[in-house]
Amino acid sequence: MVKLAIDLGSSMTKIYRADTNSGIVLAEPSCVAVVGEDAEIKAVGKEAKNLIGKTAEYTSIVYPVYEGEIVDMRLAVAMLKEFLSRIGMKSSMLRRAQVLINVPCGITERNLLAYENLTEECGLKKVYFVEQPYLSALGAGVALSDSDPIFCLDVGGGVSNAAVVSADGLIAGISMNVGGNNMDANIISRIASHNKLLIGALTAERIKNEIGSLAQGALGTMVAEGSSTETCQPSSTSVQAADLTECIRVYINKVLEYAKAVVKNLPAEVAATVNRNGVFLSGGIMKIPYVPQYIGAQLNMRFRVCEEPQFATVLGGGVLLRDKELLLRFAKNTSN
């Protein structure tokens, strides 16, 4: 039987195949390029993302999943169908496949129903919906037990999750609409106001990934190209890593506010265990230099970063698909 773990993120969609040794078989941007008033689909995934900022006015780039919610069902269905097709999944295979879908921590019944409708429209019959913190913990290589709660903090592109989990279930947790996309927008604003240059979203993301850092006195320089805010002509400017530190830190601090609130309200014995074990960090933002160290210092606890933090959730889905008992325990709902 085909077994697929799907992390349908606001920025990236990742698919892991657990019934073979294939591992991660897809990692593509969760976006669709559409044309005209009828929103005819022009491109999906990486092909669509490459068009950002380069299209004519009648072409739009849409992210069907926004901050953990399905905001455009038609395009979300088309996007997921295309991704499944790209990994060789035919309709007959999907009907028999066992599929795990990652959903935000504390997802509402209304939003869960939207995910159920999405999978039904894609022809998926046997689906398990699991909240993200369980998956990031398992993706970090943690063996969940009833007596040893784990504190997980995942910072994604559009959604961040902070939770304390054990094999017995979710002890405390929260999902936040804060992530890397906010940092990109802040970088665009910072460069426009200080460097008098208007850059696009792709450039901002590249700057964050290449020279972004929370190191004190961060070093690094990158030439950014765009349009002058004064002359409206093509232009470029040199961007310093140290000038962008606050663009990143302000959103990490927002995530930490919620993370601290989760820890603050824990029962005493659970708090003691969390303090002893530290925090397990995941999400692509953890690849930015000194972000993990900063989080550990602010929480005043040890930290552990997943080996591949951007893939922790989907890797955890693969682990869970191989443990039927634990899967049934964590699944919020199943469609069989």
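The values are calculated or read from the model by the stated rules, or taken from the named source; none is laboratory data. These numbers come from a predicted model, not from an experiment. Cβ placement follows ideal geometry from the backbone for every residue including glycine, while neighbour counts extend to all protein chains displayed.
I'm told S30 meets every condition in (1) surrounded by fewer than 19 Cβ atoms within 10 Å (Cβ to Cβ); (2) at pLDDT 95 or above except one. Can you identify the failing condition by its number? S30 satisfies every listed condition except (1). Taken over the range 200-246, the residue count meeting the criterion of being in a loop (DSSP other than H, G, I, E, B) and within 24 Å of M286 (Cα to Cα) is 10.
Residue by residue, here is whether (1) within 18 Å of the chain's Cα centre (by Cα); (2) touching a residue at least 24 places away in the same chain (Cβ under 8 Å); (3) not assigned by TED's automatic domain parsing to the domain that holds G157 holds:
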| position | (1), (2), (3) |
| --- | --- |
| E269 | no, no, no |
| N275 | no, yes, no |
| Q298 | no, yes, no |
| L326 | no, yes, yes |
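Which residues, taken from the range 58-71, are in contact (Cβ under 8 Å) with a residue 12 or more places away in the chain and part of a loop (DSSP other than H, G, I, E, B)? Reasoning before the result, please.
Filtering the range 58-71 down to residues in contact (Cβ under 8 Å) with a residue 12 or more places away in the chain leaves 58-70.
Matches in the range 58-71: Y58, Y63, P64, E67, G68.
Checking the stated criteria, N277 turns out to be in contact with an Asp or Glu (Cβ under 8 Å, 6 or more places away or on another chain), surrounded by fewer than 19 Cβ atoms within 10 Å (Cβ to Cβ) and under 30 Å from V142 (Cα atoms).
Inclusion of M93 among residues that are under 23 Å from D323 (Cβ atoms) and surrounded by fewer than 17 Cβ atoms within 10 Å (Cβ to Cβ) is warranted.
Which of the residues that make up the range 69-79 are closer than 21 Å to S175 by Cβ and either at pLDDT 95 or above or of a type in the set (A, V, I, L, M) (or both)?
To start, the set of residues in the range 69-79 that are closer than 21 Å to S175 by Cβ comprises 69-73, 76.
Result: I70, V71, D72, M73, A76.
Taking (1) touching a Ser or Thr at 6+ places or on another chain (Cβ under 8 Å); (2) surrounded by fewer than 21 Cβ atoms within 10 Å (Cβ to Cβ); (3) assigned to a helix (DSSP H, G or I) in turn, S136 satisfies each apart from (2). Among the residues examined, G180 does not qualify as on the phi > 0 side of the Ramachandran plot and at pLDDT below 95.
Among the residues of the range 73-116, those that are assigned to a loop (DSSP other than H, G, I, E, B), touching a residue at least 12 places away in the same chain (Cβ under 8 Å) and under 21 Å from the mean Cα position of the chain (by Cα) comprise I87, P104, C105, G106, I107.
Scanning the range 42-57 for residues that are in contact (Cβ under 8 Å) with a residue 24 or more places away in the chain and in contact with a strand residue (DSSP E or B) (Cβ under 6 Å, 6 or more places away or on another chain) yields V44, G45, K49, I52.
Suppose the filter is crowded, with 18+ Cβ neighbours inside 10 Å, of a type outside the set (D, E), in a strand (DSSP E or B) and modelled with pLDDT of 90 or more; does I15 pass it?
Values: crowded, with 18+ Cβ neighbours inside 10 Å: yes; of a type outside the set (D, E): yes; in a strand (DSSP E or B): yes; modelled with pLDDT of 90 or more: yes.
Taking the combined requirement at face value, the residue satisfies it.
Among the residues of the range 219-230, just one is closer than 10 Å to L197 by Cα and exposed (fewer than 10 other Cβ atoms within 10 Å of the Cβ), namely E230.
Counting only strands (runs of 3 or more DSSP E) wholly contained in the range 139-186, the ones carrying 1 or more residues that are surrounded by 24 or more Cβ atoms within 10 Å (Cβ to Cβ), under 19 Å from the mean Cα position of the chain (by Cα) and β-branched (V, I, T) occupy 150-155, 160-166.
Within 20 Å of L112 (Cβ to Cβ) and not hydrophobic (A, V, I, L, M, F, W, C): which single residue out of G156, G139 fits that description? Steps first, answer last, please.
Numbers: G139 fails: within 20 Å of L112 (Cβ to Cβ).
Going through G156, G139 in turn, just one is within 20 Å of L112 (Cβ to Cβ) and not hydrophobic (A, V, I, L, M, F, W, C): G156.
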